[in-house]
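Engineer: One structure, as structure tokens, below. Some questions next.
The values are calculated or read from the model by the stated rules, or taken from the named source; none is laboratory data. Given the structure is predicted, the values throughout are model-derived calculations rather than measurements. Positions of Cβ are backbone-derived with ideal geometry, glycine not excepted, and every protein chain shown enters the neighbour counts. SASA here: full protein model, heavy atoms, side chains in, ligands and nucleic acids out. Shrake-Rupley method; radii C 1.70, N 1.55, O 1.52, S 1.80 Å.
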Amino acid sequence: MDTAADLLPPMPVQDRAADTWEPLVVVAELAGDSWPERARAARVAMCATEVGQEDESNVKTRLLKDVRRVFACYGDPDSVRTRDLMEELLKDQEAPWAEYRNTGLTARYLGILLKDFGIQAAVLRFEGGRQAQGFTRTQFTDAWARYCPEEQPPSGDGTTRHESADHP
């Protein structure tokens, strides 16, 4: 225990990752043989995977926000055609969609990104009785509330709708 307490292995990761990996690397150092190298290789692989997952999560959250913006742009209709949604997403020069996966966001990639939220395109009826692939606004309401809630404007008493004077 005393030897382990005195070990402070170099950690090329920071914050929570370092807090998680440091004791494991210390145990590997004490075990000797090939364990220190194996522990470091595992740390590198796992941290890289986590970064990739965080990047994908950020892309999905960005997509939800951008879809909400498209619905708002159309006046918050009950449904939007997939082709109209795609057109608006790809128009935004500040968004990553025109270069997504090197070829740009497609309806297929859109479906893949939304799948984790339980959202998928369906054949819907639009004006004039025409049918087309699209999304309903209600499909997104839960995901918007969970992953990208809108900021609430402050009320006149200095609190927001999510807080009260008693609970900041």
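Engineer: Among the residues of the range 1-48, what is the count of those that are in a helix (DSSP H, G or I), at pLDDT below 60 and open to solvent by 40 Å² or more (accessible area, probe 1.4 Å)?
Structural biologist: From the range 1-48, those in a helix (DSSP H, G or I) are 2-6, 15-31, 35-48; that's our starting set.
Subset that is at pLDDT below 60: 4, 15-18.
Among the residues that remain, those that are also open to solvent by 40 Å² or more (accessible area, probe 1.4 Å) are: 15-16.
Count: 2.
Engineer: Within the range 96-146, count every residue that is among the charged types (D, E, K, R) and more than 20 Å from the chain's Cα centre (by Cα). So that I can check it myself, show each step before the final result.
Structural biologist: Filtering the range 96-146 for residues among the charged types (D, E, K, R) gives 99, 101, 108, 115-116, 125, 127, 130, 137, 142, 146.
Checking which are more than 20 Å from the chain's Cα centre (by Cα) leaves us with 125, 127, 130.
Qualifying residue count for the region: 3.
Engineer: Let me ask something else about it. Of all the residues that make up the range 113-130, how many are surrounded by 11 or more Cβ atoms within 10 Å (Cβ to Cβ) and not basic (K, R)?
Structural biologist: Filtering the range 113-130 for residues surrounded by 11 or more Cβ atoms within 10 Å (Cβ to Cβ) gives 113-117, 119-122, 124-126.
Pick out the ones that are also not basic (K, R) and you get 113-114, 116-117, 119-122, 124, 126.
Summing the residues that are surrounded by 11 or more Cβ atoms within 10 Å (Cβ to Cβ) and not basic (K, R) in the range 113-130 gives 10.
Engineer: Residues in the range 65-72: is at least one modelled with pLDDT of 65 or more, under 30 Å from T141 (Cα atoms) and open to solvent by 80 Å² or more (accessible area, probe 1.4 Å)?
Structural biologist: From the range 65-72, those modelled with pLDDT of 65 or more are 65-72; that's our starting set.
From the residues that got through so far, the ones that are under 30 Å from T141 (Cα atoms) too are 65-72.
With the extra rule that they be open to solvent by 80 Å² or more (accessible area, probe 1.4 Å), the set shrinks to 65, 69.
Yes, there is a match, as at least one residue in the range 65-72 is modelled with pLDDT of 65 or more, under 30 Å from T141 (Cα atoms) and open to solvent by 80 Å² or more (accessible area, probe 1.4 Å).
Engineer: Can you name the residue in the range 135-160 that is in a loop (DSSP other than H, G, I, E, B) and exposed (fewer than 10 other Cβ atoms within 10 Å of the Cβ) and is also modelled with the lowest pLDDT among such residues?
Structural biologist: For the range 135-160, the residue satisfying everything is G158.
Residue by residue, here is whether (1) under 23 Å from N58 (Cα atoms); (2) in contact with an Asp or Glu (Cβ under 8 Å, 6 or more places away or on another chain) holds:
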| position | (1), (2) |
| --- | --- |
| Y74 | no, yes |
| V80 | no, no |
| E87 | yes, no |
| Q93 | yes, no |
| Y100 | yes, no |
| T106 | yes, no |
| E127 | no, no |
| R137 | yes, yes |
